[in-house]
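Here's the structure we're looking at; comments come further down.
What follows draws every value from the coordinates through simple rules; no lab data is involved. This is a predicted model, so every value here is computed, not measured. Note: ideal-geometry Cβ built from the backbone for every residue, glycine included; neighbour counts use all protein chains shown.
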Amino acid sequence: MKIFFLFAFLSISISIHAQSDKVYNYLSSDLIYKPEPSEEFTSWLKENNEKLGKKAPYNSKKDTKVTLVFIVDENGIIQNPKIWRGIGQGYDEYAYNLIKKNPNPWTPAKTENGNVKTEVFYQLDFMKNNNTIRSESNELLEK
């Protein structure tokens, strides 16, 4: 009998742990609220982006945006940022460092069971600071 309860306890523990490691897609229908950058996050980007208003020298005006992909965890903290679509010329690394150094959390995604981790594609616009959440195919997502 003790073995049965131990097995049941371990099974439930593993199940709960597996759920907390799940990363939701931004478009998941399970999300009641989608993750959003906080006003502090957005303001910090604008104040600390030294390349704001400066397009990359060898790119057209159309190519002034770097798209990053990262996880917004249950507390709104950005984890594991990566460049998804870059423009080169040092702008990709700069965008990565800007996102990595930003001390302000996002508003996390939420399901019926509480806050959850969510994958976000975020486009940083160096010309207009019109930063947006995108799809994996880099299409603008409406809120």
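How high is the FRET efficiency between residue 111 and residue 47 when r is their beta carbon distance and R₀ equals 41 Å, given to the nearest 0.05? Walk me through the intermediate numbers first.
Details: r = 33 Å, r/R0 = 0.81.
Efficiency for this residue pair is about 0.80.
From most to least packed by mean Cβ count within 10 Å, the peptides 118-125, 105-112 give 118-125, 105-112. Taking max minus min of the alpha-carbon positions on each principal axis, segment 100-143 gives extents of 39, 27, 15 Å, largest first.
Could you work out the local net charge near residue 118, counting Lys and Arg as +1, Asp and Glu as -1, over the other residues with Cβ closer than 9 Å to its Cβ? Value of the local net charge: 0. In this simple spin-label approximation, residue 139 and residue 25 carry label points 7 Å from Cα along the Cα→Cβ vector, and these lie 1.2 nm apart. Note on residue 39 and residue 82: their simple-model spin labels are 3.5 nm apart, each label 7 Å out from Cα toward Cβ.
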